[in-house]
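One structure below.
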Amino acid sequence: MNTTITPLNFLAGSETLGASLEGWSLDEAPHGAPERTFRHHVAFSSAFAAAPLVHLGLAGFDVSNADSARVVTRAESVTASGFDIVVTTWLHSRLWRVDVNWLAVGSAS
């Protein structure tokens, strides 16, 4: 029986996303505000052989205390060379900053 073991590659990082970045509108919450989303691309320092598994962790946030803290983070558009962090909020929640930790696990190229 032949068993092939593929070496794994692990990459990790932290991203601070907030009002100083172009396109950030999560700090605006007009009355009856619909869902608002911000997208940020992360490029890996070295490419994987194929799209890796990406885990995100919400490490912190700066949010208005005038309403509930509503925030969702997810990884989208994952490729061998990078992925997008998508941050979403809704209703009257106002976010000034979101800190996200990430871990990518996949086959080494």
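The values are calculated or read from the model by the stated rules, or taken from the named source; none is laboratory data. It should be emphasised that the depicted structure is a prediction, and the values quoted were computed from it without experimental measurement. Backbone-built Cβ (ideal geometry, glycine too); neighbour counts: all protein chains shown. With ligands, DNA and RNA removed, areas are computed over all heavy atoms of the protein, side chains included. Shrake-Rupley method; radii C 1.70, N 1.55, O 1.52, S 1.80 Å.
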Can you compute 3J(HN,Hα) from phi for each residue in the range 95-109, using the Karplus curve 6.51 cos²θ - 1.76 cosθ + 1.60 with θ = phi - 60°, rounded to whole Hz and x for Gly and Pro? 10, 9, 7, 9, 9, 10, 9, 9, 9, 10, 10, x, 6, 5, 7
Taking the chain as a Gaussian network, where each spring joins two C-alpha atoms under 10 Å apart, which residue of His40, His92, His55 fluctuates the most? His55
Sequence of Glu35, Glu22 when ordered by accessible area, the most exposed leading, probe 1.4 angstrom: Glu22, Glu35
In debye, nearest 20, what is the charge dipole magnitude of the chain about its Cα centre with +1 on Lys and Arg Cβ and -1 on Asp and Glu Cβ, if you could check? 200
Evaluate E = 1/(1 + (r/R0)^6) for Leu21 and Ala50, where r is the Cβ-Cβ distance and R0 equals 35 Å; express this FRET efficiency to the nearest 0.05. 0.75
For the charge dipole of the chain, defined by +1 on Lys and Arg C-beta atoms and -1 on Asp and Glu C-beta atoms about the Cα centroid, which residue among Pro52, Thr88, His40 has the Cα displaced farthest towards the positive pole? Pro52
Residues whose built amide H sits under 5 Å from the amide H of Phe61, excluding neighbours closer than 5 in sequence, are Asp99
Per-residue HN-Hα couplings for the range 67-72 [Karplus 6.51, -1.76, 1.60; θ = phi - 60°; Hz; x = Gly/Pro]: 8, 5, 8, 10, 8, 10
Amide H contacts of Ala80 (H built 1.01 Å from N, under 5 Å, at least 5 apart or other chain): Ala51
A correct Kirkwood calculation over the Cα atoms of the chain returns a hydrodynamic radius in Å of 15.2
Apply the Karplus parameterisation 6.51 cos²θ - 1.76 cosθ + 1.60, with θ equal to phi minus 60°, to every residue of the range 27-37 and state each ³J(HN,Hα) to the nearest whole Hz, in sequence, with x for glycine and proline. 8, 9, 9, x, 3, x, 4, x, 4, 10, 10
Separation of the Ala108 and Leu8 label points, Cα + 7 Å toward Cβ, nm: 1.4
